[in-house]
1. Among GLY24, GLY330, GLY305, whose mean-square fluctuation peaks in a Gaussian network model of the chain (Cα, cutoff 10 Å)?
2. Ignoring everything except DSSP H segments at least 4 long, calculate the 222 nm mean residue ellipticity for the chain; use -39,500 (n - 2.57) per segment, divide by total residues, nearest 500.
3. With +1 assigned to the C-beta of every Lys and Arg and -1 to the C-beta of every Asp and Glu, and no other charges, what is the dipole magnitude of the chain about the Cα centre in debye, to the nearest 20?
4. Can you tell me the orientation of helix 78-87 relative to the chain, as the angle in degrees between its alpha-carbon axis and the longest Cα principal axis, to the nearest 10?
5. Within region 307-353, which trypsin sites (Lys or Arg not before Pro) sit in a loop by DSSP and count at most 13 neighbouring Cβ atoms inside 10 Å?
6. Give me the distance between the Cα centres of region 228-250 and region 5-62, rounded to whole Å.
7. Can you tell me how much longer the chain between GLU348 and LEU318 gets when fully stretched, taken as 0.36 nm per residue apart minus their C-alpha distance, in nm with one decimal?
8. What angle do you read, to the nearest 10 degrees and between 0 and 90, between the alpha-carbon axis of helix 327-346 and the longest principal axis of the chain?
Amino acid sequence: MTKVNIGVIGAGSISEVHLNAYAGNPEVNLYAICDLNEERAQNKATRFGAQKVFTDYRELLADPAIDAVSICTWNNSHAEISIAAVEAGKHVLVEKPLCKTVAEAERVEQAVKNSGKVLQVGFVRRYGSNTDVLQRFISAGELGSIYYAKATCLRRLGNPGGWFSDKERSGGGPLIDLGVHIIDLCWYLMGKPKVKSISGNTYRQLGNRANVQNLSFYKASDYDSSKNTVEDLANALIRFDNGASLLVDVSFTLHAKKDEITVKIFGDKGGAEIEPELFIVAEKHDTILNITPQVDQLGFDFASGFQNEINHFIDSCLGRKETLSPVQDGLEVMKMLCGIYESAEKGEEIQFS
């Protein structure tokens with residue numbers, strides 16, 4: 001069996017789940033790992049059996065043996081590396097968000113079209129088993145016409161610091177890091193309608209809250225509580241051209257009782273919750289039904305979600321499937337994210353033609 005030779009660019013924390021998932025796919029050969037920190041790249045290569053180590057992604061892309069790459073770097077390098085990769089003839093799985101700006105996303109989209117290569121955006125929640133089950137109900141018309149969705153991802157203490165809190169490298173805070181997941185999930189399940197208008201707000205009131213004691217949270221490897229240029233909280237109302245709307249709020253830090261993640265969608269025949277656990281509401285025989293699907297995983301599981309995502313990417317590279325999260329969707333989600341930031345900055349609703 002011919003295996004797909006994979007290069008992983010960026011050996012930080014998110015690369016771990018990519019590497020584990022590639023290791024779990026029998027059609028993959030983990031060929032190379034690249035990181036600016038050679039020691040970190042070498043450690044990952046040793047652990048996962050990669051043959052080559054690079055510190056310059058351009059040298060990795062110049063290796064003709066590599067078929068496809070995962071891009072697990074800072075957000076501000078996603079566009080540059082994605083474009084270089086498809087132009088070098090590699091298929092690409094790029095972590096979310098696709099990039100930092102709409103202009104960058106448009107350049108990536110054009111490069112992908114010109115290359116004929118696969119680019120899959122890392123919207124991993126699309127590949128969750130809970131999403132797959134709910135999508136089947138939606139496709140069968142069980143929820144009817146979906147006209148409203150509400151998504152929340154609130155951390156009361158959880159600014160990772162480091163590059164996550166550096167706007168230059170990340171592009172923003174909880175909106176672009178966490179909100180991208182739940183906005184995309186809702187939009188995907190709503191049938192990917194065209195955006196009509198966005199009204200958004202962002203707040204910088206609490207900072208990193210490094211003074212809080214006795215509660216631990218994930219910290220980036222370059223965590224520094226004195227450096228923070230991103231928002232604490234963002235919220236938005238997104239209207240679509242089919243009349244549907246999406247209400248979303250996300251935070252890195254907030255005076256909340258507890259962390260919270262909920263994703264709900266509502267149609268004229270039924271509704272559903274997909275986070276924290278899959279739950280469906282229907283109406284049959286003039287009776288409202290609360291339905292709990294009998295499946296192995298009601299909630300999103302990161303390990304299996306990333307494995308499904310990687311498996312689908314490999315199938316796409318081999319021409320057996322089309323990706324569920326193409327570059328065009330990455331561009332549309334960037335329009336929503338950037339629209340929220342623009343609306344917040346201007347203090348007014350943003351209209352889309």
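1. Greatest mean-square fluctuation among the candidates belongs to GLY24.
2. Numbers: 10 runs with 112 residues, N = 353.
Helices in the chain give a 222 nm mean residue ellipticity of -9500 deg cm²/dmol.
3. Working: 37 positive and 46 negative charges, 30 e Å.
That gives the chain a dipole magnitude of about 140 debye.
4. 60 degrees
5. On the way: sites: ARG320, LYS321, LYS335, LYS346; in loops: ARG320, LYS321.
Of the trypsin sites (Lys or Arg not before Pro), the ones in loops of region 307-353 whose Cβ has at most 13 other Cβ atoms within 10 Å are ARG320.
6. Region 228-250 and region 5-62 have Cα centres spaced 35 Å from each other.
7. Values: separation 30, 0.36 × 30 = 10.80 nm, distance 4.60 nm.
Contour length minus the Cα-Cα distance gives 6.2 nm.
8. 60 degrees
Values in this text are rule-based calculations from the coordinates and carry no lab data. Just so we're clear, the structure is a prediction, and the values are computed from it rather than from any experiment. Positions of Cβ are generated from backbone atoms using ideal geometry, with glycine treated the same way; all protein chains shown enter the neighbour counts.
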